[in-house]
Amino acid sequence: MTAVSALTAATVALVGLAAPAHAADPVLRDLAATKGVYYGTAVTSSKLSGTYGAITGAQFDSITPANEMKWGTVEPNRGSFSWAGADRVVNFAEANGQQVRGHTLVWHSQMPNWLANGSFSNTELRTIMNDHVTTEVTRYKGRIDHWDVVNEPLNEDGTMRTSKFYTQLGESYIADAFRAARAADPAAKLYINDYNTDGTGPKSNGMYSLVQRLKAQGVPIDGVGFQGHLILGQVPATLQANLQRFADLGVEVAITELDIRMTLPATAAKLAQQKTEFKAVTNACLAVARCEGVTVWGFTDSDSWIPDVFPGEGAATPYDAGFQPKPAYYGIAEALGWTGDGGGGDPGDPVPTTGCAVTYAVQSQWNTGFTAAVTVRNTGNSPVNGWTLRWTWPSGQSVTQAWNATVSQSGAQATAVNVAHNAAIAPGGSAGFGFNGAWSGGNTAPGAFTLNGAACTLALS
Ligand code: XIL
C-alpha cells in the first residue's frame, strides 16, 4: 500500500533529524571537572553505540551498568558466570576516559533463582556471599572506582530489611560484604546505597545509625549513595543538609541514581520545573564538599526504568526519547557553571508554548471502508514527549486497523497513542500515522482533534 510506505519514509526522515546535542551545547563532564565532581549515567551495555554511545562517551565521566553487574546477571546458574555485559561497560569506560560505579554486589532483588529459592545453612550462605563479592570485585580489580557493595538494606521506617541475607546472617552480612570487597580491591571506594534516604526522615535516620554502627566496628565503608529516584515537585528540601550530616560522619556521599519522574504527558511547564529540580539536586551535591558526583539513572527517556515500574509516569531523565536535550539537561549544566542559553526557564527566555496542527486526509475510499493519513505537527516551542491524539467521528465511522500509532475506539471517540519510534516530536517537527476505517451512510471528516488534551488546528486534504 503506497500510503503505508509513504508514511514509513516520513517517519524515517523524522528519526534522522533527531541529531545529538546541538553544537553549542555544554559538555557536562567538562563542567563537572571544573567543580571537582563527576557526572555519570547508568547505561545499558547493548546500546553503547550510535547516538546513545556517542552521548554517553561525550557527556559523562562515570558510567554505571544498570543491570549487568547484578548477581542474577553475572551468575545465573551457580558457578557459571556471564561477564559479557559487565565487560562491555568497563571496556567502554576505559576507551572513553570514564570512571565506573560497580552496581551492585549484595541486594535482595535481581538475585539468581538458585540463590533466591535455594536453601542454605547460615554458614553456607555466608560463604556464598563472601565468595561472590570476592569473585566479582577481583575480576574488575583496579578498574572500578566506586562499588555499591550493599544495596537497599533498609525498610521505609529505617529498620533493617528482612532480605535473605539479613534474615539468615543478621546485620553482620553488611560488615562481611565490605570486608570481602576491601580485601579484593583495596583501591575501590566502597558504598552502601539506598532510596528514599535523600531527605531527612525515618529511613535516612536508619541509614545514619547503620553507618555509625559500621564505622564504630571498623568496617571499611567509604561512602553512602543516595539513589535520588525523585518525583516532580517532591524534591526533599532537606537534601543538602542530609548529605552534609552523612559527610560529617566521615564518609563520602554521592547521588547515584537520579531521575525525576512526572505524570505523563510531559508539558512545557512540567519540563521547566524539572529543569529547576535537576539543577537543585546538582547544586545540593556541589554544596557538600564530600559529595563526589551525581549519576542519572539513564540519560534518555528511552532508557529509563520509570515507565515500566510506575505506570503513567515517565519523562524522568535529561534527554528526550529522540536524544534531544531537555530543559533538565540545561539545568544540570547551569548548576555546573554553564552560562550559555538553552532550555528555557531563565529570566528573558521565551515563555514555553504548546500547540499542534493536524492534517487529516482520506486517501482512498470504497463502499464500506477507507484509508486515512494523519499528521500531527508540534507548533509549540517545547518538545512533545509521548502523545495521545483524540477525535470524535461525526457519522458512525470506526477504526479497524492502524499503523505507526495504536488506535482504540470507545463509542464515537477514537484515541491514537504514539508508538516508540514517534513518541518524541521536537518543536516544529511532526509525527504521522495511518489507519483503515469502516463507514456506512456517510464519511464526514472529524471536526476537531486534541493532542494531549489541548485542541489542535485542523487542515483537511
Ligand atoms: C533497575 C533497572 O534500571 C531496570 O532495568 C531493572 O529492570 C530493575 O532495576 N534501584 C536500584 C537499581 O538500585 O538497580 C534499579 O535498577 C532501580 C532502583
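The values are calculated or read from the model by the stated rules, or taken from the named source; none is laboratory data. The structure presented is a predicted model; accordingly, all values stated were derived computationally and were not measured. Note: ideal-geometry Cβ built from the backbone for every residue, glycine included; neighbour counts use all protein chains shown. SASA here: full protein model, heavy atoms, side chains in, ligands and nucleic acids out. Shrake-Rupley method; radii C 1.70, N 1.55, O 1.52, S 1.80 Å.
Is it the case that segment 212-222 has a residue that's within 16 Å of the ligand (Cβ to nearest atom) and either touching a Cys at 6+ places or on another chain (Cβ under 9 Å) or outside any loop (DSSP other than H, G, I, E, B) (or both)? No, segment 212-222 contains no residue that is within 16 Å of the ligand (Cβ to nearest atom) and either touching a Cys at 6+ places or on another chain (Cβ under 9 Å) or outside any loop (DSSP other than H, G, I, E, B) (or both). Within segment 134-148, residues that are over 15 Å from Ser82 (Cα atoms) sit with their Cβ atoms under 8 Å from residues that are more than 16 Å from the ligand (Cβ to nearest atom) and among the polar types (S, T, N, Q), at 6+ positions apart or across chains, in these pairs: Asp145/Gln99; His146/Gln99. Go through segment 175-203 and give me each residue that's part of a helix (DSSP H, G or I) and within 16 Å of the ligand (Cβ to nearest atom). Once the filter is applied, which keeps residues that are part of a helix (DSSP H, G or I) and within 16 Å of the ligand (Cβ to nearest atom), segment 175-203 yields Ala177, Lys203. Quick check, is Ala289 in a helix (DSSP H, G or I) and more than 16 Å from the ligand (Cβ to nearest atom)? No: the conditions fail for Ala289. Residues of segment 357-415 that are crowded, with 19+ Cβ neighbours inside 10 Å, aromatic (Phe, Trp, Tyr) and outside any strand (DSSP E or B): Trp387, Trp393. If you filter segment 89-112 down to residues that are within 16 Å of the ligand (Cβ to nearest atom) and not in a loop (DSSP other than H, G, I, E, B), you find that the one that is surrounded by the most Cβ atoms within 10 Å (Cβ to Cβ) is Arg101. Filtered by the rule that a residue be in contact (Cβ under 8 Å) with a residue 60 or more places away in the chain and open to solvent by 50 Å² or more (accessible area, probe 1.4 Å), segment 416-438 gives Ala420, His421. Take the conditions (1) of a type outside the set (Lys, Arg); (2) assigned to a strand (DSSP E or B); (3) in contact with a Pro (Cβ under 9 Å, 6 or more places away or on another chain); Thr444 misses just one of them, which is (2). Screening Thr263 on (1) more than 16 Å from the ligand (Cβ to nearest atom); (2) of a type in the set (Ser, Thr, Tyr); (3) under 27 Å from the mean Cα position of the chain (by Cα); (4) within 25 Å of Thr123 (Cα to Cα) shows it passes everything except condition (4).
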